Structures are given as C-alpha cells and as structure tokens.
Amino acid sequence: MKPADLPALNIADLQSLLRRREVSPREALEALRVRVAAIEPQIDAYLSLDTEDALKQAETADVRLPLGGVPIAIKDVISVAGQPCTCASRILRNYIAPYDATVITKLKAAGAIPFGKTNMDEFAMGSSTENSSVKLTRNPWDRTRVPGGSSGGSAAAVAADLAFGALGTDTGGSIRQPAALTGVVGLKPTYGRVSRFGLVAFASSLDQAGPLTKSVRDAALIMNAIAGPDPCDSTCFDRAAPDYTAALGKEIRGMRLGVPKEYMLEGIDPQVKSAVDAAVRQFESLGAEIVDVSLPHTDDAIAVYYIIATAEASANLARFDGVRYGYRAADAKSMLDHYGRTRAEGFGAEVKRRIILGTYVLSSGYYDAYYLRAQKVRELIRQDFAQAFAKVDALISPTSPVPAFRIGERTSDPLQMYLADIFTNAGNLAGICGLSLPCGFAQIGDAKLPIGLQLVGPALDEERILQLAYAYEQSTEWHKHRPPSLLGAATESVAA
Amino acid sequence: MPATPDFDVAYVAKLARLNLSPAETALFQMQLGHVLEHADKLKEIDVTAVEASAHAIPMFNVFREDEPRAWFTAEQALQNAPVKANGLFVVTKVVE
C-alpha cells in the first residue's frame, strides 16, 4: 500500500497491516502527518500537533497491544501531559496539561499514540464549533458548512482522513451530532462508563468522553481501551467493562427497536426523515421488530438541559480566576477588578451567556423555580426512557433534525442553536448510551450531506447498540462513501 | 422579556464576577430572556410527587486505599501560573 493511501484506513484495517509488519507505526504516523500538512489548511480540524513526541512513541510502539501503534486525535478538552489543553478558549491559550486524563492513560496503555488536539466549541459549549476562539472548522463534505459540535474538530478530522479515530466529549450531543453531520460513527457512553478524570469539566453530571471513528468496529475497539473503573473519578462505575467487539456480527433477529413518536414530527428535514424511515425498514428486513414508543417529556428536554448544564457550567467555570493558571488581566486595581476583567477578557460570548444563565438559575430566590424544578423534570425524562426500555432493546431516531447547516446560519439566535440538540440531550439527562452512524445523504444544491441515525440504549448496554449498529452498517453501503476529494491531496507530496 | 421581569443581567454578572460591556448586557438580556421564556414551560408540569434526581443512575461512593501516590511537585503545580515568584503564586493585592 502506498503511504498516501494509509490515512484513509480505519483503525481495524491499519492494525492488520501493522501486525503483519507491512507498515510500521512510524510509517503510519508519518503518512498521517503528511496528509495533515496537505489537507489541514482546508479543514482546520486541529489546534495543535505534537509530531515529535508522537514519532518518539511510534518508535517504541508494541503492535501486539489492542491499539498498538494507532494514532488517535484528542479533543482539546482532554488533558494529555505536556501538550496544550486550551478548550479553544482564550483563557487557557497558554495552558499546558501537567498530567494525562485517565482516558489518555488507558489509550496509551492499549498502545495508542495520542496525536493532535482537535478544535471545538469553547469549553464544549456549542453545536457547530463556531464558538472556538481560535478558528472555524469546516465540514469536509461542504466547506461552507459547519462540522457540528462541540467535537467538530474530532469529527472533521476523522471524516477527512486526518485521523484514524478520535476522542470527543458529549454533554448534550457533542459526539453524536458532529458525527452525524460529517458522516462518521460517534458513541456517547453511559454516564459513568468512562472516567472523566482529566477532562476539563463543563457539566459534571452530563459529560462523557467517547470515540469518533470511521466504523462501528473501531468505536468498539476504542471503547475497549477507555471504558472501565477509575479510582480518580468517584462517578465512574467500579465494574470492569465487557469486550465491546464480542457481539459484533451476531444476528439481531428478534431484537425490538422503538421509534419514539415524538421524534418524527415537525421540524425534521424531509430528506432526514426519509433516510431514517428507510433505516427503520432496513432493520426490519434484518429481523428486528419495530415498536412505536412514546417519550412524553421530549419537548421539555431542551429547557431542562439548558438549566442544568448552565448551572453546572457556572460552578465549574468559577475556577477560571486568573490565579493559578490561565489568562490574567493586566494591572488589576483590586481582586474584584482582577476577577471581573480576567473573565471578561478570557471567555467568549457563548461561555459568558451560559455563565450568566447558570448563575441566575442557581441564585437566591430562583433556585427552586428553575434548577430544582428542572432536576425533577429530569427524573420524569429518565422515567420516560425506563418505561420505553421495558418494551424495547433500543430506540431509533435521527441524530440531528437537519444535515450540516451553513457557517454563520445559526449564530445570531442561541435558542435556534440549542434546538440542534433536540434528539440527543435527553440521553445525557437520562445518563444512557447513544450512538450515531451514517444512514444516507441529503442533496442540497450541489452539496451531498451525510445524515446520521441515532441508536439509544439503556444504561451500560453499549454492547447492544454497537451490535445493532454493526448489523446495519454491514448491510448498507453508507460507510463506504467518502467526502469529495480535497484539493491539495497531491500524492506526489507524499515522499517516502 | 415579559416572562421574566426579575431577570437582571447586570446584577447576575456581578454575582458571576464577570464584567460585561453595555452592549453585551443588552444582548444577553434579550437572548437569555427568550431562553428563559422557553424554560417557563416547565412550570406547567406537575412535579409535586417527583423526587429530584441529582444523578441519572444510582451512584455510590467509590473508595480507594488511602495511600500516598506520586503527584505534582511544587514546580509542576506552578508551571501554568500567570505570575509566580519564590515558588509561590503571586496574586492581586487583597488587603489594604
């Protein structure tokens, strides 16, 4: 295989070449580095690349390990020791992570090589990556459109073959929605299945890290590496994780899939709806039984989400005070002046908006009316899912009501942007697992835009949704489509 | 923002230790007023019999042995400090 063709491989295929010694980890990393150098200026998926350190790790990589020698891109909200961790924020512009997040420790133990920190909405707050304080990331399928967010850099990198696989985080849909908009696989694990130690916290009761990959099997391979107990995170399950590849390829005949009636109503792009309808029929033809279910509090999820997520964010972001790390405003006259200006100059508009909203809903006199009430409705949302899962094995829906939107199209109205997560954030509130995978394309003008199918499973049932996703993926051709060839990918620039 | 007459962005910004410009204050007042109006629909839901859930799934304490582990040196803890001197964080003066 020519070096220039290596970056298009998925993790499983790269691994077989590495294990047969047809390619060395150094050659794989070098091929990726060359592609990134050529294509990255058109996509802007990355915030930083530590090539030297990654090449050093490639020299000693043990390809027998589960992810031995495989480079993995990391969302810039996850700490990798010695590398920047900026959360795409001005306030952390010069911050270097002093330690590895547990997911990074586990990836490295599995032989993977963290390579590159990916762009994101500032502090993971957004659905388009337009809230990055550094730059816009472009959707490889149509560079006038957003890649989704907040893990938009990770998603675009995987879609454009600028990464073999990536880690993202998902607080309200931030893995699944960009996966849908860029045509890759994204898995948000059950809350507590993957350690949050070393992730910069946004909303602590909702945040989860998970994989963005080119295939369902790759998502399972990364989950095998990162899931499991962690003594450094008291919200992490203390039971060992299963082998997530074990159920891949097993028949899904007789499994019951629920279609939530509230998810297929107004506001869905007709091309998204027909692609998801076709996917439902495909599952039926694979022997799954389709059942209508109801999630009565679907309409309330966005409101509950934006109260709880902003409340937690306002508390978590209080740590950015310009004392121990991060940006500090110059020439402060007093401590209040120091805090007020440091945070005013360090945070971008969306982060400020959410701090204000979160502070308000937690403030004296409003706590009961907003925060406490939202926590109670959250319990009702959780019960909706519990009742649905008493009848079905998993739920099936669109991941996003619309395909990738244009850069700038939604930035002026925060509420419109928040509604982009309508099918995903209930899953975070309920703490359950969800996966997005490609299920077709929308043709809008000249652009062919990926459509994402979401499979949602009960807590700790990642195996089941991976099994279902794999059965669908292998019986369709969607995962074989690649973005239109990107300019500048001249193979002659790949000198061995 | 008629639904939330008490929502005062300028006051909340003081609580949050976040200086906002007059333009930001006016913009957030309008935008977040809409978000709070949207959130007001939660007031129509009967939650009298519902217990608030702090976590989505039952959570128990996770314990570990109380043994010393390798962790930051003072130098590592200070590596990202915006201003430091003599192995200490330098802060803005807090007493007169």
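Shielding of B:30-36 by partners, i.e. mean partner chain Cβ atoms within 10 Å per residue? The per-residue average across the peptide is 6. How would you classify chain B from its alpha-carbon gyration tensor, with a ≥ b ≥ c the square roots of the eigenvalues: rounded for a/c under 1.5, else prolate if a/b is greater than b/c, otherwise oblate? Oblate. A full extension of the chain between A:Val291 and A:Lys273 corresponds to an added length of 4.8 nm, given 0.36 nm per residue minus the alpha carbon distance.
Annotation: extensible slack from A:Glu59 through A:Lys448 equals 136.0 nm (criterion: 0.36 nm per residue apart, minus Cα-Cα distance). Length, then width, then depth: along the principal axes, the Cα atoms of the stretch A:290-352 run 63, 17, 17 Å. Here the Karplus relation 6.51 cos²θ - 1.76 cosθ + 1.60, evaluated at θ = phi - 60°, turns the backbone of the stretch A:170-176 into coupling constants of 9, 9, x, x, 5, 9, 5 Hz, with x for every Gly and Pro.
If r is the Cβ-Cβ distance from A:Arg406 to B:Glu65 and R0 is 45 Å, what FRET efficiency results, to the nearest 0.05? Please report the intermediate quantities before stating the final value.
Numbers: r = 54 Å, r/R0 = 1.21.
That gives a FRET efficiency of 0.25.
Under 5 Å from the amide H of A:Glu289 lie the amide H atoms of A:Gly254, A:Met255, A:Arg256, A:Leu257, each residue being 5 or more positions distant or on a separate chain, with H modelled from the backbone and absent for Pro and chain starts.
Approximating the spin labels as points 7 Å out from Cα along Cα→Cβ, the A:Lys250-to-A:Leu415 distance works out to 4.7 nm.
Compute the Cα gyration tensor for the stretch B:1-46, then decide on rounded, prolate or oblate, letting a ≥ b ≥ c be the square roots of its eigenvalues: rounded whenever a/c is under 1.5, prolate when a/b is larger than b/c in the other cases, and oblate in all that remain. Don't jump to the answer; show the numbers that get you there.
Working: a/c = 3.02, a/b = 2.04, b/c = 1.48.
Judged from the Cα gyration tensor, the stretch B:1-46 comes out prolate (a/c at least 1.5, a/b above b/c).
Which FRET efficiency value, to the nearest 0.05, do you get for B:Lys41 and A:Asp5 by plugging their Cβ-Cβ distance into 1/(1 + (r/R0)^6) with R0 = 56 Å? Walk me through the numbers before you get to the answer.
On the way: r = 53 Å, r/R0 = 0.94.
For B:Lys41 and A:Asp5, the calculated efficiency is 0.60.
Counting only residues at least eight positions apart within a chain, or on another chain, the aspartates and glutamates with an alpha carbon under 14 Å from that of B:Lys84 are B:Glu75.
The stretch between A:Gln387 and A:Arg26, if pulled fully straight at 0.36 nm per residue, gains 124.9 nm over its current Cα-Cα span.
Among residues other than A:Ile175 with Cβ under 10 Å from its Cβ, the summed charge is +2 (Lys and Arg +1, Asp and Glu -1).
When you count, for each residue, the other Cβ atoms within 10 Å and take the mean per peptide, how do A:185-194, B:62-71, A:259-268 rank with the highest first? Each step should come with its number before you reach the end.
Numbers: A:185-194: 28.6, B:62-71: 7.9, A:259-268: 15.1.
By packing density, highest mean first, the sequence is A:185-194, A:259-268, B:62-71.
Of the peptides A:152-162, A:452-462, A:70-80, the ranking by mean beta-carbon count within 10 Å, highest at the top, reads A:152-162, A:70-80, A:452-462. Each Lys and Arg adds +1 at its Cβ and each Asp and Glu adds -1 at its Cβ; summed about the Cα centre, the protein assembly as shown shows a dipole of about 860 debye. Every pair of different Cα atoms in the stretch A:1-95 enters the Kirkwood calculation, which places the hydrodynamic radius at 14.4 Å. Seen against the Cα atoms of chain B and their longest principal axis, helix B:22-39 is set at about 60 degrees. Which of rounded, prolate, oblate describes the stretch A:367-480, given a ≥ b ≥ c as roots of the alpha-carbon gyration tensor eigenvalues and a/c under 1.5 marking rounded, otherwise prolate only if a/b is larger than b/c? The shape class here is oblate. Rounded to the nearest 500, the 222 nm mean residue ellipticity of chain A from helices alone is -10500 deg cm²/dmol, with -39,500 (n - 2.57) taken per DSSP H run of at least 4 residues. Partner shielding of B:76-85 amounts to 4, given as the average count of beta-carbon atoms from other chains within 10 Å of each residue beta-carbon. Check every DSSP H run in chain A and write down those whose alpha carbon atoms cover 15 angstrom or more along the long axis and whose mean Kyte-Doolittle hydropathy is -1.0 or greater. The answer, listed by residue number, is A:25-43, A:216-226, A:270-285, A:301-316, A:349-362, A:373-389, A:462-475.
Can you pull out the trypsin sites (Lys or Arg not before Pro) in the stretch A:381-423 whose DSSP state is coil and whose Cβ has at most 13 other Cβ atoms within 10 Å? Working shown, then result.
Details: sites: A:Arg382, A:Lys391, A:Arg406, A:Arg410; in loops: A:Lys391, A:Arg410.
Taking the stretch A:381-423 and a limit of 13 other Cβ atoms within 10 Å, the loop trypsin sites (Lys or Arg not before Pro) found are A:Lys391.
How many angstrom lie between the C-alpha centres of the stretch A:290-336 and the stretch A:441-455? With the stretch A:290-336 and the stretch A:441-455 each reduced to a Cα centre, they are spaced 31 Å. A simple rule links phi to the HN-Hα coupling: the Karplus curve 6.51 cos²θ - 1.76 cosθ + 1.60 with θ = phi - 60°, which for the stretch A:182-188 gives 10, x, 10, 8, x, 10, 9 Hz, with x for Gly and Pro.
Near A:Ala219: Cβ cut-off under 12 Å, other residues only, Lys/Arg at +1 and Asp/Glu at -1. The net charge is 0.
Of A:Lys261/A:Lys480; A:Lys2/A:Lys188; A:Lys117/B:Lys14; A:Lys2/A:Lys214; A:Lys188/A:Lys376, which ones are farther than 25 Å apart at the Cα?
Numbers: A:Lys261/A:Lys480 30 Å; A:Lys2/A:Lys188 34 Å; A:Lys117/B:Lys14 34 Å; A:Lys2/A:Lys214 20 Å; A:Lys188/A:Lys376 23 Å.
Those over the limit are A:Lys261/A:Lys480; A:Lys2/A:Lys188; A:Lys117/B:Lys14.
Averaged over peptide A:333-341, the number of partner chain Cβ atoms lying within 10 Å of each residue's Cβ comes to 4.
As an exercise, identify the trypsin sites (Lys or Arg not before Pro) in the stretch A:267-335 lying in DSSP coil whose Cβ has no more than 12 other Cβ atoms within 10 Å.
Passing both the DSSP loop test and the Cβ count: A:Lys333.
In terms of surrounding Cβ atoms within a 10 Å radius of their Cβ, A:Ser133, A:Ser151, A:Ser16 rank from fewest to most as A:Ser16, A:Ser133, A:Ser151. Taking Lys and Arg as +1 and Asp and Glu as -1, the other residues whose beta-carbon sits under 9 Å from that of A:Gly68 total +1. Looking at the protein assembly as shown, the DSSP beta bridges with both ends there are about 75 percent antiparallel. Using the alpha carbons alone, the radius of gyration of the protein assembly as shown stands to its Kirkwood radius in an Rg to Rh ratio of 0.96.
Read-outs throughout are calculated quantities, based only on the coordinates presented, and are distinct from any laboratory measurement. Not measured: the values here are computed from a predicted model. Positions of Cβ are generated from backbone atoms using ideal geometry, with glycine treated the same way; all protein chains shown enter the neighbour counts.
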